[in-house]
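Step one of this worksheet: look at the structure below.
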Amino acid sequence: MKQIKDNPKHVLLLLEWYDYRIQKGVAKMAKELGWLLYCPSKTIPNNVDILKNWDGDGCLALLATKKTIDIFSKYDKPAIDLGLNNHDLPINRVVTDNQKIGRLAANHFRDQGYREIFTISPEASLMHQERYEYLKKYVEADEGKVTIISNAGKTSHETFGFDLIDSQIIEGLKSVAKQRGTTIDKMSIAFFAYDDVMAAQFIRILSQQNIKIPENVAILGINNDELINVGLNVSLSSIDCDLEGLGAKGALELNKLMQKEIISTGSIIRHPPKKLIARRSTDSYAVENKLVAEALNWINCNFQKGIFAADVAKEFSVTQQGLQKAFNEHYIRTPGQEIRYRRAKAVANLLECTDATLNEIAKNCGYYSVDTLISGFKSVYKQTPGKYRQLANHNTKSVIN
C-alpha cells in the first residue's frame, strides 16, 4: 500500500473501551497510510475536552459514554465508530461479527457434548445482546437450549453498561441444581461469557467455591486476551475476535471517508473472528455415560496414532457393537466419526498455523497417506486442505492488502 508523504492526515484514536490490539492494528495501518496518529492516554477521563479541541482530519473512536456521544453528534469531520453502543448518529461502524461468534461458540459446546448452555442476561450492552441472540439461534438449531442463570447480586458499570458477575451467580447455579434434583459438584454444564473479563471473574468465583473447571463448569470467553489468560489458574478457552484486524479495518474505512471515496450513512461493517482457541476451561465432555466420556477422552489423546473404532473398544474391553450403541444413545457422533473429526480439526489447526506439508501433517495426525488425509478432511470441512489453507491465508492478509 502506497504511503502518503505529502500533507499527511492527522487522525485521533479515541477508545473509551481500550484494547491494546485495536490500537496496534490502527497504528500499523496509520504507518502504511502515512498518517500522524494521536492516541491520548486511555487514563484521560475527559474525552469531551479532547474532541472539542481536536482540529485534525478524522477520528477513529469506540464510543461508550453519553457525554462523548453528545459531543460527537456535533463533530463534522470523518469518523468511524468501532463499537456497538446505542446511538443514532450517522457514523459508519466497524464491529465484530457476532453472528459468527455465536456460531463458533454453539459448535464448540456441541462438539463437547453439551446440549444446554448457561449464561447471564446480556442486560444493557448491545454487543452482549447480539452475542446472546446468535448463540441462542445456533444452539436451538441443533435442538439445544440456552438457559439464563440468575445473577441477582450483579453489578453493572454505569457508564459502559458492561455486565459483571459476582458470587450470587453461585446461588443461581445451586438453585438450578436443586430444581433438577442434584448438586453443583455432580453437574456438568457449559457457561458462555460475553467477554474474557466476565469469564475470568467467573473462573475466580468458581475457584473460591472449589467448583471444578471444566469438570463441573466449562467456560468459554470472547476476545482471547492473553493478558487476562496469564493471570488465571485455569487457561481460558476463548474466541479470537481479531481486534488488531478490526482496528486496521476501521482505519481503512476512515481513510475512504477522508479521501471522499464513500460517505457516512451509519452503516455497519462486520469484521469476522479468527477462530476459537480451545484450552483447559472447556476441556471436558458433557456426557453422563461413563464409558462414552472416558472413550472420548481416550480418543482425544490418541487419535494422532492412527487408531480405529476397534482400538477404542479393545481399550475399554467392550464389543464394537456395545461401544457403538453407547455412543448412539449418549453422543452426537459414532466412535469412528469422532476419530475422523478430531483428526480433521488437528489438520485444520496445522494448516492455519504452520507451513507444514500435507505429508508431514498426515504423519502427525494419524493418517496413513496424504490421500486418506484429503478424503477425511473433505468429509468434515467440505473442501480440500489446500483450499482451506488458501482461504485461511487470504483472511489473514486481506486486512493489509
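The values are calculated or read from the model by the stated rules, or taken from the named source; none is laboratory data. Bear in mind the structure is a predicted one, so any value in this text is a computation, not a measurement. Counting neighbours? That spans all protein chains shown, and the Cβs are built from the backbone with ideal geometry, glycine included.
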Odd one out for residue 358 among (1) closer than 28 Å to residue 274 by Cβ; (2) under 26 Å from the mean Cα position of the chain (by Cα); (3) surrounded by 15 or more Cβ atoms within 10 Å (Cβ to Cβ): (2)
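Residues that are under 30 Å from residue 270 (Cβ atoms) and of a type outside the set (Ser, Thr, Tyr): find the helices (runs of 4 or more DSSP H) completely inside segment 308-401 holding 2 or more of those.
Ranges flagged: 335-353, 370-381, 385-397.
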Where a residue in segment 300-316 is over 21 Å from residue 364 (Cα atoms) and its partner, wherever it lies, is at pLDDT below 95 and among the acidic types (Asp, Glu), with Cβ under 7 Å and at least six apart: 316/294
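One line per residue, one yes/no per condition, for (1) farther than 14 Å from residue 380 by Cβ; (2) in contact with a helix residue (DSSP H, G or I) (Cβ under 6 Å, 6 or more places away or on another chain); (3) at pLDDT below 95:
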| residue | (1), (2), (3) |
| --- | --- |
| 302 | yes, no, yes |
| 312 | yes, yes, no |
| 318 | yes, no, no |
| 331 | yes, yes, yes |
| 337 | no, no, yes |
| 349 | no, no, yes |
| 354 | yes, no, yes |
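Based on what the data block shows, is residue 80 over 15 Å from residue 193 (Cβ atoms), modelled with pLDDT of 90 or more and not hydroxyl-bearing (Ser, Thr, Tyr)?
yes
Could you list, in sequence order, the residues of segment 64-102 that are among the charged types (D, E, K, R) and surrounded by 18 or more Cβ atoms within 10 Å (Cβ to Cβ)?
81, 93, 97, listed by residue number.
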Segment 125-154 - residue that is out of contact with any Phe, Trp or Tyr (no Cβ under 7 Å at 6 or more places or on another chain), over 16 Å from residue 221 (Cα atoms) and of a type in the set (Ser, Thr, Tyr) and, of those, modelled with the lowest pLDDT: 150
Residue match in segment 384-392 (condition: within 28 Å of residue 249 (Cβ to Cβ) and over 24 Å from the mean Cα position of the chain (by Cα)): yes
